[in-house]
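Take a look at the structure set out below.
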Amino acid sequence: MAVVLPLEEQTQDGVLNVWQFLVVLLILCSIVAAAGQKADLAGKLRLLPKFDLRTVYGACAQLLLALQSQGHTRIGLRQVHNDRRAWLTLLGVCIGAGIASRMQDVQHLLVVCLFVPAGTLFILIFQYTRPSSFPTHIVAKLDEEVEHNNCEPWGGHDLSNEELELLEFIEHVTTDITKDRHARNSGIWGMCGGYSQVGFTARRYHLAFSGYAAAVAMAKLPAYRGRTQRILKAVISHLLEEEVWQPVTDHYWPHVGNPFLCEENIMWTGHLLQLCAMYEAQTGDDCYSRPGGLRAQRTAAGKRHEIATYTSSLPELAQRITQSMHENPTGGVPCEPGIVFFQCNNHPQIGLRLLEQVTVPERAMDFAGERATWERFALKTMCAASGGGIATGAFRVLWKADQKATRGLATVPFGHLGSDGWNLTHYFAWAHSRKIPERIWYELSRPILESFAVFEKPPQGCGCACSKKSEVPKRSEAMQPAPEPGASAGPNGCCFNLNIPVSAWACSLLPVCAQAGDAATFDRIKCWLDRHYLREAGNEDDGSKMAWLGESVEWMVGNTAQYLLGLALQTHPDLYRRMVQQPLSRNYFQGPLLEAANWKKGRRASVFRCFVMQGKDSSISELHVGTFLPPKLVPSDALTLQLQISNVKKVGNVICNGHVTKFEIEAHTGQMAISIPLAARDNGRVEIRVDCMPAS
């Protein structure tokens, strides 16, 4: 029976989809299968448990449909036309099928079907898996003088309404459920992440992306330490839970009990390192750098059937990771055994760079050598858009390089735009020069994106409602949005699979466009996401709102986090890089800081501004706080804003929208109550200046 697959429209420059190219191979497999039936192959092959022709055929069909659904995984028709090895491989398959149709013995048939095309196929693989460098003018920037980031002073940046609503969602799914262990492993956090949490929708990735987005957004409000501290601490605590690290650790490294000591698994340790380093850099709290600051517990639920408590610290984790870098021929650290991804190796590099900046002198560290080794190796070997690569993305997906090997085995010849999004989003922060990821985007990634028109049409086969006006239930007192049934399915298997919905890789490109200053592409992607995925819900009691991107449980949290990160960087493209290259000094955290802001009835205040600046009197520091008024406010009601501030010895005046206002403060607790006068309620927001005398 013929299988008819709908072909996607080709673009004007004659580009052919990878899946269309593979349809030819699928047809040839069908010929082999038909020939095999003549020799009663189907019945005989059932005796071979590891080779079932029907399973192989089904897997091919599943791969083709997955590639077709992505709408971007393409190879050039000219590339196939001019490559003799590709046609030689097809010829080998045809010859194998022809000979197979004339043979009766099943063993001979297997030999013909498998090995006649194998020789030419290996030639093709060898050609395409050879390393290829990024353009020489991009690699040459590694030898230019290190950039000096002369940035403006910290503070003075406001969060938009949209950023605040998205941040409300992130805080809810991380901080507000901190004490509910069941909620942290089910419902909105119930993503399966592939078998044993090894796929790229694993819980650890959603957690990490949430932490990164919140940290970058809150960097606009550097003096609001409390909110940053609550979110990052909740994310790190969740990341250390057994349900997050145990399945993948026991799946790949059953002999390793302590997850902190695994020489690979950078897909967990790398995120943990960056999150803890960001926490210390943005709060001044070194709790994770102290001995035993990191703690993970194992119960009898895992494969090892033992109970144990493992401890580590940020410096110890950094030492373990750098040792792994030295033991791998690429200079990176594998995720799965012997599989090195550029995207996952972004995160230890950011964490190590932050540790160079924020540690006290007696714990000073220098990781410039590790950073330079990995960056140079990656730029000289991992380009998919040049040499023998297949230009479906700028970066090759991975390197196969075992620990303690003298050289890497091979690279995957193709890339993926979702991989480029992840790669470049975080590469901007630690690159030798920001011009390197910027040129990769404009010269390699964006031309691939522009070769198709996925953002000019609704998402296909996602099951989501294609309108912001879709009926979204108003959030209850628990304020928990729900994943949307029928939306994009999760990936199967490990991170190598490319069945990523467009919504996910589109979100990953937003922060890249923002940092590269590509406003046109940013607006095009954002408009498409807003039209088809953006959701918001209001609290019936106080009228406050939160926003998120509607998707299935496998993609919802991560997509929302990437979207928030893109919005935070849109107005300040260098913010992420600045956080990593020039973090706040330790002295900053000795001055006035905001820990919490609430209205008197217990509602969380929506703070859009918070920074500290020196007053006219050198002994006075000005704490500036901006917040929106509660939505359902009766003008005649008394209105009190409660702030919890730290490192303040005494408060002089409080100015609210230009009016001197009354306040009360408990010096020993830092609890402060500010009465908002009627004259200051005209424009729906209050801007407060608190004149503080620092405690130190």
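The values are calculated or read from the model by the stated rules, or taken from the named source; none is laboratory data. Remember, predicted model here, so these are calculated numbers, not experimental data. No Cβ is skipped: glycine too gets one built from the backbone with ideal geometry, and neighbour counts run over all protein chains shown. Keep in mind that these areas ignore ligands, DNA and RNA; they rest on the heavy atoms of the full protein, side chains included. Shrake-Rupley method; radii C 1.70, N 1.55, O 1.52, S 1.80 Å.
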- Message: Out of the residues in segment 630-651 meeting the condition of being within 36 Å of the chain's Cα centre (by Cα) and open to solvent by less than 80 Å² (accessible area, probe 1.4 Å), tell me which one is farthest from Ile620 (Cα to Cα).
- Response: Pro630
- Qualifying residues in segment 161-184 (those that are outside any helix (DSSP H, G or I) and under 21 Å from Arg225 (Cβ atoms)) - the one modelled with the highest pLDDT: Thr175
- Single residue of segment 450-468 satisfying the filter (in contact with a Cys (Cβ under 9 Å, 6 or more places away or on another chain) and open to solvent by 20 Å² or more (accessible area, probe 1.4 Å)) that is modelled with the highest pLDDT: Pro458
- Item | Cβ pairs under 9 Å, 6+ apart, first in segment 392-411 and at positive phi and of a type in the set (Lys, Arg), second outside any loop (DSSP other than H, G, I, E, B) and surrounded by fewer than 24 Cβ atoms within 10 Å (Cβ to Cβ) | Lys404/Glu327
- Message: For segment 412-451, give me the residue count where each residue is among the hydroxyl-bearing types (Ser, Thr, Tyr) and under 14 Å from the mean Cα position of the chain (by Cα).
- Response: 3
- Note on the structure: Those residues of segment 244-272 which are charged (D, E, K, R) and not in a helix (DSSP H, G or I) amount to Glu263, Glu264
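Look through Arg577, Arg604 and report the one residue that is open to solvent by less than 50 Å² (accessible area, probe 1.4 Å) and basic (Lys, Arg).
Arg577 is the lone residue from the list that is open to solvent by less than 50 Å² (accessible area, probe 1.4 Å) and basic (Lys, Arg).
May I ask you to say which residue of Val686, Val654 is in a strand (DSSP E or B), surrounded by 14 or more Cβ atoms within 10 Å (Cβ to Cβ) and touching a residue at least 60 places away in the same chain (Cβ under 8 Å)? Before you say what the answer is, go through the steps one by one.
Details: Val654 fails: touching a residue at least 60 places away in the same chain (Cβ under 8 Å).
Of Val686, Val654, the one residue that is in a strand (DSSP E or B), surrounded by 14 or more Cβ atoms within 10 Å (Cβ to Cβ) and touching a residue at least 60 places away in the same chain (Cβ under 8 Å) is Val686.
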